[in-house]
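Have a look at the structure below, then the notes.
The values are calculated or read from the model by the stated rules, or taken from the named source; none is laboratory data. Everything quoted here is computed from the prediction, not taken from an experiment. Note that each Cβ is placed from the backbone with ideal geometry, even for glycine, and that neighbours are counted across all protein chains shown. Areas reflect the complete protein model, heavy atoms only, side chains present, ligands, DNA and RNA absent. Shrake-Rupley method; radii C 1.70, N 1.55, O 1.52, S 1.80 Å.
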Amino acid sequence: MGMTTDVHLRDLRYFLTVAEELHFTRAAERLYVSQPALSKQVRALERQLGVELFRRDPHGVALTGAGEALLPYARRVLDGWAEGTAALEAVRAAGRSTLTVGMSTSPGRGGLLPAIRSRFTAAHPEARVRLRQVSWEDPTAGLADGEADVAFAWLPLPDAERYAWTVVAEEPRLIALPESHPLAARTEIDFADLVDEPFLALPESAGALRDHWLALDARAGRPPRIGAEIAGTEETYEALVGGLGICLVAAGNAPLITLGGVVTRPVRGVSPSRYVLAWRSGEPQGALVRGYVEACREVAGRGRHPLT
């Protein structure tokens, strides 16, 4: 019987309440509706189902056989829906207490993330931390488009005035090159000897960060030669091994690309890199953002990670 498919939860709730009270006026009071409106709605449900659910007589109201049959199922539907709305509310509440941490490369760096997380969780046991990997095309690691609440990123950030940050690590920039490269034989390399080499570059959308990893400020105005564009660690490794170019890399990220066939060497003449935890500065900071920043400062300040 196709008609029964469109019964509203409201109608089932009216039916159930009348069945529990066996009294239309008391049921109407419980439901905050008028008694005539309730009677009318129940009659409409009976018409729709093609059965009588209640026998109405001068002594009150009794369930019919059809009403008795429907009762446990109506209860089950309404209980199921109550559980459904409770589950939704739980998801909403979790959303309010979820902190999304963006990053473009895994911070590694001596267990930095687990250490921050354990401090943060001790202070905010109800909060969930979601880690979000963001491609190198977005130098803000998810902050710019709101995907992340806080993010591990490299300075310089584009539109720097939109963000505040705390420095997690200041690290020398090394040069990564294939081990077959003539300069790989040296223990240390002057940047001046690298300016004519093809370099691997971040996507153009990375803006100032692309310039930083090409060390534009150390080239005395000479434009870099771009050997290939890279948007992730694996691509970088493949491009290095394939001889497409060389690239600067923060000391803390060197282990990610010095797999077989790639070496890193110290470079003279380039400034260090700064790895930061950043957040959007133009909006009031929630307790979770403040708490995570606090945990990060405590962990980074313990001496393993030199701070500026």
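At-a-glance table
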{"quantity": "Qualifying residue in the range 9-16 (condition: free of Cβ contacts under 8 Å to residues at least 40 places away in the same chain, assigned to a helix (DSSP H, G or I) and open to solvent by less than 40 Å² (accessible area, probe 1.4 Å))", "calculated": "yes"}
{"quantity": "Condition broken by residue 200, with the remaining ones in (1) in contact with a helix residue (DSSP H, G or I) (Cβ under 6 Å, 6 or more places away or on another chain); (2) modelled with pLDDT under 95; (3) open to solvent by less than 20 Å² (accessible area, probe 1.4 Å); (4) closer than 22 Å to residue 137 by Cα satisfied", "calculated": "(2)"}
{"quantity": "Selection status of residue 184, in a helix (DSSP H, G or I) and open to solvent by less than 20 Å² (accessible area, probe 1.4 Å)", "calculated": "yes"}
{"quantity": "Options 194, 248: the member that is open to solvent by less than 30 Å² (accessible area, probe 1.4 Å), touching a strand residue (DSSP E or B) at 6+ places or on another chain (Cβ under 9 Å) and farther than 22 Å from residue 105 by Cα", "calculated": "194"}
{"quantity": "Some residue of the range 273-296 being at positive phi and either crowded, with 19+ Cβ neighbours inside 10 Å or not in a helix (DSSP H, G or I) (or both)", "calculated": "no"}
{"quantity": "Selection within the range 187-209 - closer than 17 Å to residue 268 by Cβ, of a type in the set (A, V, I, L, M, F, W, C) and part of a helix (DSSP H, G or I)", "calculated": "191, 192"}
{"quantity": "Failed condition for residue 171, given (1) open to solvent by 40 Å² or more (accessible area, probe 1.4 Å); (2) charged (D, E, K, R); (3) touching a residue at least 40 places away in the same chain (Cβ under 8 Å)", "calculated": "(1)"}
{"quantity": "Strands (runs of 3 or more DSSP E) within the range 52-159 that include 3 or more residues open to solvent by less than 40 Å² (accessible area, probe 1.4 Å) and touching an Asp or Glu at 6+ places or on another chain (Cβ under 9 Å)", "calculated": "98-103"}
{"quantity": "Within the range 13-26, considering residues that are among the hydrophobic types (A, V, I, L, M, F, W, C) and at pLDDT 95 or above, the one nearest to residue 82 (Cα to Cα)", "calculated": "16"}
{"quantity": "Test: residue in the range 171-186 that is at pLDDT below 90 and within 19 Å of residue 276 (Cα to Cα)", "calculated": "yes"}
{"quantity": "Residue in the range 276-288 that is modelled with pLDDT of 90 or more and closer than 30 Å to residue 188 by Cβ present", "calculated": "yes"}
